[in-house]
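Written below as structure tokens is the structure these notes are about.
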Amino acid sequence: MSVHHHDICALIERLDKLFHLEKEAYTKFLACRGAAAQQLLDLLQDLLDYDVDPATIDTRRLFKALIRLSANSKLYPRCLTLTGLKQKRLVAGGSFGDVYKGLLCDQKVAVKMMRVFKKSDIETILKEFGKEALIWRQLSHPNLLPFFGLYYFQQRLCLVSPWMENGHLRVFLEGKWYDTDYLLSLILDVALGLQYLHDKGVVHGDLKGDNIFVTSSRRACIADFGLSSIITSVSSIQFTNSSKPTQGGTVRYQAPELLQGGHSDLHSDIYAFAGVAYEILTGTPPFPDLRMDGAVINAVLAGHRPPQPKSCSGTPSLDALWNLLQNCWEKEPATRPTAAQIVQRLMHPDIRATKTQSTTDWDNLFTSRLRRHLASRRPLPSFSKFERIIYGDSY
């Protein structure tokens with residue numbers, strides 16, 4: 001069945017009006033449970049996965065409704081769980097789990113496998129991860145790694161995203177030299193991705209070089225937001241790696257308030273961003289001279305920050321950048337700049353960072369096109385079908 005753009009837009013607009021203006025209907029929608037909730041979640045996600053340009057159609061209310069119903073019903077759209085992955089080959093291991101390389105509809109993908117084995121453990125993590133997975137699925141930005149969905153392999157839960165041949169920042173930078181202008185572009189890439197997340201109200205929670213990947217066009221993109229907080233929140237799950245990061249982050253990038261038991265928020269992301277910028281400039285994580293994490297914690301809580309290395313000085317732009325990093329490392333969270341302010345300062349003539357241009361990575365509709373290719377072409381649901389499910393008539 002051919003689906004016309006006009007029909008999709010009309011249905012989105014009618015649902016947007018229902019969620020915004022018809023309080024009784026929206027209350028009934030959020031109260032749906034079981035099979036009715038599952039149908040509504042599936043239909044809404046199908047609708048959001050059509051090739052609709054977010055610049056022309058506002059789907060924010062539908063997105064919010066999807067998240068709220070998922071949280072209330074403890075369910076998530078069934079299409080989050082993928083099938084059909086091929087040629088899975090182990091390529092790396094880490095504290096989170098193992099990484100496999102595979103194919104999904106001829107697209108090279110990374111399959112990140114959690115190190116849990118019991119079915120009950122997987123169900124626990126799914127309950128915790130449902131909201132984060134659902135949010136990630138709706139996000140689309142050139143500096144954010146797309147998320148395709150969840151997959152079960154060898155009775156373990158996997159997260160599927162595009163394969164990045166250049167690897168993450170630490171691998172990409174190791175033993176290589178890049179000119180300052182390009183390094184500034186990488187820093188701006190990360191800032192743009194973080195601004196997009198924060199504009200959507202999303203906290204990354206574990207920003208570091210290992211969670212920043214480099215695309216084939218050498219553009220930086222953020223990955224794996226929210227995963228560390230899920231791991232630490234599921235205290236009953238025992239991972240094969242015994243080390244457990246404080247509050248779901250990596251110590252060398254963590255703000256002092258996190259080291260004292262606080263929770264990740266937009267301000268702590270800004271602190272971590274400065275650590276990522278330091279790593280891009282120097283090729284090493286913050287505090288390279290301190291071998292033990294305990295020494296790093298003591299230094300940060302005592303008010304110390306990484307000293308300015310020679311590679312981060314000597315030109316007006318590098319000195320201006322270092323001043324920006326000092327602002328991001330402020331002790332008081334509220335005094336740190338916002339992600340939007342960071343982008344402005346990076347692009348200001350004082351620093352002159354430029355965006356990494358690319359036409360070979362992905363655009364705003366990349367993930368929706370792939371997801372629609374994966375799913376059977378179901379007919380576009382009618383508005384009356386949504387109403388019948390919400391009001392419990394014969395469904």
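The values are calculated or read from the model by the stated rules, or taken from the named source; none is laboratory data. On a predicted model such as this, the values are computed, not experimentally measured, just so you know. Heads up, the Cβs are rebuilt from the backbone with ideal geometry, glycines too, and the neighbour counts pull from every protein chain shown.
A compact table of results
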{"read-out": "Close pairs (8 angstrom Cβ cut-off, 6 or more residues apart or separate chains): under 21 Å from Leu380 (Cβ atoms) in region 19-44, crowded, with 20+ Cβ neighbours inside 10 Å and of a type in the set (Gly, Ala, Ser) anywhere", "value": "Phe19/Ala65; Phe29/Ala65; Leu41/Ser70; Leu44/Ala65"}
{"read-out": "Residue count for region 197-206, restricted to those that are on the phi < 0 side of the Ramachandran plot, touching a Ser or Thr at 6+ places or on another chain (Cβ under 9 Å) and not β-branched (Val, Ile, Thr)", "value": "3"}
{"read-out": "Only listed residue being modelled with pLDDT of 70 or more, over 26 Å from Asp199 (Cβ atoms), out of contact with any Leu (no Cβ under 9 Å at 6 or more places or on another chain) and of a type in the set (D, E, K, R), chosen from Asp58, Asp49, Asp42", "value": "Asp42"}
{"read-out": "Set Ser236, Ser242, Ser229: member being modelled with pLDDT under 55 and buried (at least 17 other Cβ atoms within 10 Å of the Cβ)", "value": "Ser229"}
{"read-out": "Looking only at region 261-289, and only at residues there that are more than 17 Å from Leu173 (Cα to Cα) and at pLDDT below 95, the one that is farthest from the chain's Cα centre (by Cα)", "value": "Asp289"}
{"read-out": "Residue in region 66-88 that is modelled with pLDDT under 80 and at negative phi present", "value": "yes"}
{"read-out": "Candidates Leu324, Leu301, filtered to the one that is in contact (Cβ under 8 Å) with a residue 24 or more places away in the chain, of a type outside the set (Asp, Glu) and over 18 Å from Ala191 (Cα atoms)", "value": "Leu301"}
{"read-out": "Of all residues in region 174-199 being of a type in the set (Phe, Trp, Tyr) and not in a loop (DSSP other than H, G, I, E, B), the one that is farthest from Tyr278 (Cα to Cα)", "value": "Tyr196"}
{"read-out": "Test: residue in region 354-369 that is at pLDDT 95 or above and buried (at least 18 other Cβ atoms within 10 Å of the Cβ)", "value": "no"}
